[in-house]
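Reviewing the structure listed below.
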Amino acid sequence: MNVYDSARMADVLAPLGYGPTDRPDEADMVILNTCHIREKAAEKVFSELGRLRRIKDARAAQGLPMVLAVAGCVAQAEGEEVLRRAPFVDIVLGPQTYHRLPEMVAQAARAGGAVLDTEFPTEPKFDFLPEARAEGTNAFLAIQEGCDRFCTFCVVPYTRGAEYSRPAAAVLAEAASLAAQGVREITVIGQNVNAWHGEPGWDLGSLLTALARIDGIERLRYTTSHPRDMSDSLIAAHRDLPELMPFLHLPIQSGSNRILAAMNRGHDRDQYRRLTDRLRAARPDLALSSDFIVGFPGETDADFADTLALVADIGFVQTYSFKYSPRPGTPAAAMGDQIPEAVKEARLAELQALLQRQTEAFNQSCVGREMSVLLDRPGRYEDQLLGRSPYMQPVHVRAPGQRIGDVVRLRIAAVHPNSLEAVLA
Ligand code: SAH
Ligand code: SF4
């Protein structure tokens, strides 16, 4: 979502004459787009700001301006703190107000002091953003934002705010524009994307069906979903839409029913298992990915063993796993029985080793299989092109005559540490 937001901020600033650069020392403006989901991400902001301050000072010594803005969820949650610890910051803005960036830039220039805008405005920012500019063959499309689920460990409902779904017409128009700009694969995104309900009588299943009909759109994905919001129509979309890739990221967080309840996830592991059975019945080649938190308050060795058992039972092929990080203001941060860091470390290492083995086994099982791959980048060698498999694996192939943007049938020939090698099928 931050990648999407950063691109939209660039779109908003383009009419003012700003264009992207990789070099902060050449930048008239730097926006740090920040994440508050775990403490480590949030702390990085302040070390990065220290680095940017030196660049800003060096530019000032040459008479060059540098507007420094902090955006995203750290700004939302700790805006005042950012200005206190980093008074050289010019603009602090939350994830819901970046459509107002041009005003803030003007205001900062006029006032000379810092501008802080971390409101939750009544107008949705999407109504004020310019047309999204596409780069390449793949694009994110935000259809939903915020969350009403309040898992006890999570800051999202506080930083991104209440659940908001964009209207179907706006989503379909943005998708058609992306397709016209050469996009072939769209990943619709949201903090709880399958809670999308942009229109009475619609849900994510019907939205994906409508997106699949857009000329030029050959592949669809969606992320991130909550197990409680998998509707019948969405499961049917996995059966009926060849455009919908057979790879689903469906976070469960823990395999222990006791911990799932303490997390306020609203489902237990058997419900999750039944859900994945239904999804696999709808789409037999479906592969599943997930998120896990280890060391949630009160997690015992037996709870953690339940997580390991679930990972093997469901057969996840790819995952993200994290040590529980207490976030200020969330219920879990105030729970007793916080788990020592060393225990979290050990559990994370054990879980990641298991997950790594499963990912490798899955990659090996792909050898000899035919898959469709969207070619999205040139490779290092002549006639070599890179792309992604339906399962998001990076694939490289010698494919003379093929072009970026083509979806080709490939046979997987070998597994490399970070990619699959393929030949034209
Ligand atoms: N909406 C998604 C996840 C959003 S946050 C869902 O419901 O699953 C992305 C991931 O960050 C989460 O899945 C979780 O695994 C992790 N995460 C969130 N809060 C965390 C915390 N306090 N400590 C550690 N990991 C956390
Ligand atoms: Fe956070 Fe996801 Fe739970 Fe919402 S559903 S509170 S985003 S973990």
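The values are calculated or read from the model by the stated rules, or taken from the named source; none is laboratory data. Remember, it's a predicted structure, so these values are computed and weren't measured experimentally. Because the Cβ atoms are built from the backbone with ideal geometry, glycine has one as well, and the counts that use them run over all protein chains shown. Side chains included, ligands, DNA and RNA excluded: accessible areas come from the protein's heavy atoms. Shrake-Rupley method; radii C 1.70, N 1.55, O 1.52, S 1.80 Å.
Looking only at residues in the range 218-236 that are away from ligand 2 (no atom under 16 Å from the Cβ) and in contact with a strand residue (DSSP E or B) (Cβ under 6 Å, 6 or more places away or on another chain), which one is most open to solvent (accessible area, probe 1.4 Å)? For the range 218-236, the residue satisfying everything is E218.
Could you list all residues from the range 153-172 that are of a type outside the set (A, V, I, L, M, F, W, C), under 22 Å from L211 (Cα atoms) and either within 9 Å of ligand 2 (Cβ to nearest atom) or without any contact (Cβ under 8 Å) to a residue 40 or more places away in the chain (or both)?
Pass one, the range 153-172, residues of a type outside the set (A, V, I, L, M, F, W, C): 157-161, 163-167.
Add one more test, that the residue is under 22 Å from L211 (Cα atoms), and what stays is 163-167.
Within the range 153-172, E163, S165, P167 qualify.
Within the range 80-98, the only residue that satisfies the criterion of being in contact (Cβ under 8 Å) with a residue 12 or more places away in the chain, under 16 Å from G113 (Cβ atoms) and out of contact with any strand residue (DSSP E or B) (no Cβ under 9 Å at 6 or more places or on another chain) is P87.
When the range 355-377 is filtered for residues that are more than 19 Å from A413 (Cα to Cα), of a type outside the set (S, T, N, Q) and surrounded by fewer than 18 Cβ atoms within 10 Å (Cβ to Cβ), the ones remaining, listed by number, are R357, R377. When residues in the range 250-278 are screened for being within 12 Å of ligand 2 (Cβ to nearest atom) and more than 17 Å from Y324 (Cα to Cα), 3 of them pass. Considering only the range 88-105, I want to know if a residue exists there that is more than 19 Å from A10 (Cα to Cα), assigned by TED's automatic domain parsing to the domain that holds R23 and part of a helix (DSSP H, G or I). No, the range 88-105 has no match at all.
If you go through the range 240-270 and keep only what is away from ligand 1 (no atom under 15 Å from the Cβ) and assigned to a loop (DSSP other than H, G, I, E, B), you end up with L241, P242, E243, M245, P246, D268.
Residues checked against (1) under 23 Å from L288 (Cα atoms); (2) acidic (D, E); (3) touching a strand residue (DSSP E or B) at 6+ places or on another chain (Cβ under 9 Å):
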| position | (1), (2), (3) |
| --- | --- |
| S365 | yes, no, no |
| Q384 | no, no, yes |
| V395 | yes, no, yes |
| D406 | no, yes, yes |
| R411 | yes, no, yes |
| H416 | yes, no, yes |
| A422 | yes, no, yes |
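For the condition in the same structural domain as T152 (by TED's automatic domain parsing), of a type in the set (V, I, T) and open to solvent by less than 30 Å² (accessible area, probe 1.4 Å), what is the one hit in V317, V343? Write out each step before concluding.
Details: V343 fails: open to solvent by less than 30 Å² (accessible area, probe 1.4 Å).
The conditions single out V317.
Scanning the range 39-69 for residues that are open to solvent by 30 Å² or more (accessible area, probe 1.4 Å), within 20 Å of M1 (Cβ to Cβ) and at pLDDT 95 or above gives a single hit, E48. Within the range 189-227, restricting attention to residues that are over 19 Å from the mean Cα position of the chain (by Cα) and either assigned by TED's automatic domain parsing to the domain that holds D376 or charged (D, E, K, R) (or both), which residue is farthest from L260 (Cα to Cα)? Only one residue tops the list, namely D215. When the range 129-140 is filtered for residues that are away from ligand 1 (no atom under 16 Å from the Cβ), within 28 Å of H36 (Cβ to Cβ) and open to solvent by 50 Å² or more (accessible area, probe 1.4 Å), the ones remaining, listed by number, are P130, R133, E135, N138.
As for the range 180-188, it holds at least one residue that is open to solvent by 10 Å² or more (accessible area, probe 1.4 Å), within 18 Å of the chain's Cα centre (by Cα) and assigned by TED's automatic domain parsing to the domain that holds E145. Out of the residues in the range 141-169 that are at positive phi and within 11 Å of ligand 1 (Cβ to nearest atom), state the one that is least open to solvent (accessible area, probe 1.4 Å). For the range 141-169, the residue satisfying everything is G146.
What number of residues in the range 410-423 are assigned to a strand (DSSP E or B) and either under 24 Å from the mean Cα position of the chain (by Cα) or farther than 14 Å from V367 by Cα (or both)?
Initially, the range 410-423 is screened for residues assigned to a strand (DSSP E or B), giving 410-416, 419-423.
Then drop every residue that is not either under 24 Å from the mean Cα position of the chain (by Cα) or farther than 14 Å from V367 by Cα (or both), which leaves 419-420.
Total meeting the criteria: 2.
Of the conditions (1) assigned to a loop (DSSP other than H, G, I, E, B); (2) surrounded by 15 or more Cβ atoms within 10 Å (Cβ to Cβ); (3) not polar (S, T, N, Q), V12 satisfies every one except a single condition; which number is it? Tallying (1) assigned to a loop (DSSP other than H, G, I, E, B); (2) surrounded by 15 or more Cβ atoms within 10 Å (Cβ to Cβ); (3) not polar (S, T, N, Q), V12 fails exactly one: (1).
Identify all residues within the range 392-409 that are open to solvent by 30 Å² or more (accessible area, probe 1.4 Å) and part of a strand (DSSP E or B); write none if there are none. Even if it seems obvious, please write down each step before you answer.
Restricting attention to the range 392-409, the residues satisfying the condition of being open to solvent by 30 Å² or more (accessible area, probe 1.4 Å) are 392, 394, 396, 398, 400-404, 406-407, 409.
Across the range 392-409, the qualifying residues are P394, H396, R398, V407, R409.
Residue pairs whose Cβ atoms lie under 8 Å apart, sitting 6 or more positions apart in sequence or on different chains, and linking a residue in the range 226-243 that is over 27 Å from F150 (Cα atoms) to a partner that is of a type in the set (K, R), are H238/R283; R239/R283; E243/R219.
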